[in-house]
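Student: Here it is, the structure in full.
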Amino acid sequence: MMVYGDMEFTISKLKEDKKSYSRFIKYNKHLEKIKLTGEIAAGIAHEIRNPMTTVRGLLQILLKEKECFSLEKNLGIMIKELDRANDIITESLLLASTKATGLKMKNLNDIIRILSPHIKSNASKSKNNVVIELGVIPDQLLNEEDMKKLIINLSQNGLEAMSSGGTLTIKTYTEDTNIILSVQDQGTGIKPDILEKLGTPFFSTKDHSGLGLAICYSIAARHNAILQIETGPTGTTVFFRMVRPQ
Ligand SMILES: Nc1ncnc2c1ncn2[C@@H]1O[C@H](COP(=O)(O)OP(=O)(O)OP(=O)(O)O)[C@@H](O)[C@H]1O
Ligand SMILES: [Mg+2]
């Protein structure tokens with residue numbers, strides 16, 4: 001049953017989940033599905049990438065040909081689309097890794113501070129506000145790139161869930177033996193049928209690639225953490241809960 005790291009240990013340590021073994025089973029099944037998607041992607045990535053690289057190379061040659069000047073715009077679009085497809089493969093591959101690598105003792109607050117201008121600039125594009133409340137939390141073994149991806153994905157989902165004038169609140173704090181990062185939006189919440197599917201790779205109601213939350217779940221698992229979602233008509237909060245170092 002164990003899928004990522006020492007999840008059983010982690011979840012048994014997480015207070016809310018102590019009483020709910022069936023929730024643990026469900027959570028782990030979900031992680032298994034995410035991991036399988038990554039494994040399938042890993043299996044076919046090479047086969048798909050090679051022809052894509054060839055086509056991209058040929059398109060670039062055409063782009064330099066005088067006779068193709070009139071096609072410049074369309075060739076550019078073709079290259080961009082190939083790059084997008086390549087990015088989706090790269091992101092899917094992230095789902096396969098079950099062990100965290102590149103872990104360093106870091107403070108999550110410092111990572112949030114680095115990202116803060118980027119998140120605020122994204123928020124201002126949709127005329128939303130960002131409030132960041134960083135509590136005193138201990139350093140933790142973190143993969144900085146993974147944590148950046150997680151924070152950006154959760155923030156982006158929160159911003160995309162709100163119409164203009166909303167507030168995205170990012171907090172860190174400790175609770176018993178947990179270190180918590182929460183990302184709260186003031187959207188209209190997530191309907192139960194969609195809630196069921198959250199984190200399923202390629203599930204999106206926005207015509208996006210739908211990998212954001214699946215990546216967040218796998219990053220959480222690699223850090224022996226879990227994601228919890230609370231949602232209602234006044235908004236959604238996603239909690240990233242890690243066990244505090246003893
Ligand atoms: N904070 C949120 N509020 C409302 N719905 C949400 C929220 N977060 C996620 N969702 C729903 O879950 C779906 C899946 O989210 P996920 O981040 O995995 O993919 P995406 O945002 O659609 O695409 P991508 O992240 O690849 O750009 C979203 O399409 C949306 O319907
Ligand atoms: Mg998303």
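Every number here is computed from the coordinates shown, using simple stated rules; none is lab data. Just so it is clear, the structure is predicted and the values come from calculations on it, not from any experiment. Quick reminder, even Gly has a Cβ in these numbers, built from the backbone with ideal geometry, and neighbours come from all protein chains shown.
Student: Count charges around Pro117 for me, please; just the other residues with Cβ under 15 Å from its Cβ, Lys/Arg as +1, Asp/Glu as -1.
Tutor: Here the count lands on +3.
Student: Would you please classify the overall shape of segment 31-136 from the alpha carbon gyration tensor, given that a ≥ b ≥ c denote the square roots of the eigenvalues, rounded means a/c under 1.5, and beyond that prolate means a/b larger than b/c while oblate covers the rest?
Tutor: The shape class here is oblate.
Student: Could you give each residue of segment 168-184 its phi-based ³J(HN,Hα) in whole Hz, using Karplus coefficients 6.51, -1.76, 1.60 with θ = phi - 60°, and x for Gly or Pro?
Tutor: Whole-Hz 3J(HN,Hα) from phi for segment 168-184: 9, 10, 10, 10, 10, 6, 10, 8, 6, 9, 10, 9, 10, 10, 10, 10, 10.
Student: Sum up the charges of everything whose Cβ sits under 12 Å from the Cβ of Leu141, counting Lys and Arg as +1 and Asp and Glu as -1, but leave Leu141 out.
Tutor: +1
Student: Another question, if that's okay. Using only Cα atoms, locate the centre of segment 25-75 and the centre of segment 88-121, then give the distance between them in Å, rounded to an integer.
Tutor: If you average the Cα positions of each part, the centres end up 22 Å apart.
Student: Sticking with this structure for a sec: Placing unit charges on C-beta atoms (Lys and Arg positive, Asp and Glu negative, everything else neutral), compute the dipole magnitude of segment 140-203 about its Cα centre in debye, rounded to 20.
Tutor: It works out to roughly 160 debye.
Student: If the reach is capped at under 17 angstrom between alpha carbons, list the aspartates and glutamates near Lys127, excluding any in the same chain fewer than eight residues apart.
Tutor: Those aspartates and glutamates meeting the cut-off are Glu160, Asp185.
Student: Something else about it: Hey, what angle do you get for helix 21-64 against the long axis of the chain, alpha-carbon based, 0 to 90 degrees rounded to 10?
Tutor: Relative to the chain, helix 21-64 is tipped by roughly 20 degrees.
Student: Among Met147, Met162, Met105, whose mean-square fluctuation peaks in a Gaussian network model of the chain (Cα, cutoff 10 Å)?
Tutor: Sorting by GNM fluctuation, first place goes to Met105.
Student: Output ³J(HN,Hα) for segment 140-156: one whole-Hz value per residue in order, computed from phi by the Karplus curve 6.51 cos²θ - 1.76 cosθ + 1.60 with θ = phi - 60°, and x for Gly and Pro.
Tutor: Going residue by residue, I get 8, 6, 9, 9, 4, 5, 4, 5, 5, 4, 4, 5, 5, 4, 5, 5, 4 Hz, with x marking Gly and Pro.
Student: Give me the net charge of Gly166's neighbourhood, meaning all other residues with Cβ under 11 Å from the Cβ of Gly166; Lys, Arg count +1, Asp, Glu -1.
Tutor: Around Gly166, the charge tally is -1.
Student: For segment 49-121, which GluC sites (Glu not before Pro) pass both filters: DSSP loop (anything but H, G, I, E, B) and at most 11 other C-beta atoms within 10 Å? Provide the component values of the computation, followed by the final result.
Tutor: Values: sites: Glu65, Glu67, Glu72, Glu81, Glu91; in loops: Glu65.
Those satisfying the criteria are Glu65.
Student: Which percentage, to the nearest 5, of the DSSP beta bridges contained in the chain is antiparallel?
Tutor: Bridges in the chain that DSSP calls antiparallel: roughly 80 percent.
Student: Continuing with this model, one more query. How big is the antiparallel share of DSSP beta bridges in segment 103-243, given as a percent to the nearest 5?
Tutor: If we restrict to bridges inside segment 103-243, about 80 percent are antiparallel.
Student: Students often get this wrong, so check it: of Lys149/Lys171; Lys80/Lys149; Lys35/Lys120; Lys73/Lys125; Lys125/Lys206; Lys106/Lys197, which have C-alpha atoms separated by over 24 Å? Provide the component values of the computation, followed by the final result.
Tutor: On the way: Lys149/Lys171 16 Å; Lys80/Lys149 22 Å; Lys35/Lys120 32 Å; Lys73/Lys125 26 Å; Lys125/Lys206 18 Å; Lys106/Lys197 32 Å.
Cα-Cα > 24 Å for Lys35/Lys120; Lys73/Lys125; Lys106/Lys197; rest within.
Student: Here's a follow-up. Please report Rg (one decimal) and Dmax (integer) in Å for the Cα set of segment 71-228.
Tutor: Answer for segment 71-228, Rg first and Dmax second: 16.9, 61 Å.
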